[in-house]
1. So how much slack lies between residue 9 and residue 23, counting 0.36 nm per residue of separation and subtracting their Cα-Cα distance, in nm?
2. Using the Kirkwood formula on the Cα atoms of the range 48-120, what hydrodynamic radius do you get, in angstrom to one decimal?
3. Work out, step by step, the length gained on full extension between residue 125 and residue 88: first 0.36 nm times the residue separation, then minus their alpha carbon distance; give nm to one decimal.
4. In whole angstrom, how long is each semi-axis of the equivalent ellipsoid of the range 13-87, when you take the square root of 5 times every eigenvalue of its Cα gyration tensor and sort them from largest down?
5. Just going by the charge dipole of the range 1-123, with Lys and Arg at +1 and Asp and Glu at -1 on Cβ, which of 33, 91, 70 is farthest out on the positive end?
6. Which values of log₁₀ I(q)/I(0), to two decimal places, follow from the Debye formula for the chain at q = 0.11, 0.15, 0.18, 0.22 Å⁻¹ with a uniform point scatterer at every Cα?
7. How much length, in nm to one decimal, is gained on full extension between residue 43 and residue 118, taken as 0.36 nm per residue of separation minus their Cα-Cα distance?
8. With θ taken as phi - 60° and the coefficients 6.51, -1.76 and 1.60, list the Karplus ³J(HN,Hα) couplings across the range 64-75 in order, rounded to whole Hz; mark glycine and proline as x.
Amino acid sequence: MPPERWFPSMLRPGGAGPKVLAIVFCLVITVLSLLPGQERPHTGFSGNIEHVVAYAGTVGVTAYAFLSPGVAVLTLGFSAASAVFEICQLFIPGRSSGLDNWIASTLGALVGATAARHLLLPLVARWIRRA
């Protein structure tokens, strides 16, 4: 198979490459959410901005990789996971839990799922048809 055909196939929606990346992103969010406060890396941005960006990226990649669940299912699933993480943080040294963090994570999940399904997937589908 010529390289120009092989490389795009690695990036196809629902393919193995995006699925591995989605799983890695989910693991990273889980680990970062459960680390003690002094061990967690800080970006310098507000915690809510970090939540929106992290969840938007993770859910966007997940929506691209796993085509079955709809925007609502993805958003609710990641919102529930975020709620669990916020509750767990009540018991982790140096961490604090906040309703605002949960809302920011849920908003990020909604943005990521919507962008992937309604912007990214149609663009990639057109690009693949041209390749």
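1. Gain on stretching residue 9 to residue 23: 3.2 nm.
2. Evaluated over the range 48-120, this radius sits at 12.1 Å.
3. Working it through step by step, the gained length comes to 9.4 nm.
4. Computed over the range 13-87, the values are 23, 14, 11 Å.
5. Final value for the positive-end residue is 70.
6. Calculated log10 I(q)/I(0) at the listed q: -0.43, -0.72, -0.93, -1.23.
7. Separation in residues times 0.36 nm, less the Cα-Cα distance, equals 24.1 nm.
8. With coefficients 6.51, -1.76 and 1.60, one gets 6, 7, 10, 7, 6, x, x, 4, 5, 5, 4, 4 Hz.
Quick note: the coordinates plus some simple rules give every number you see, no bench work behind them. Model, not experiment: these values are computed from the prediction. Neighbour counts run over all protein chains shown; Cβ positions are idealised from the backbone, glycine included.
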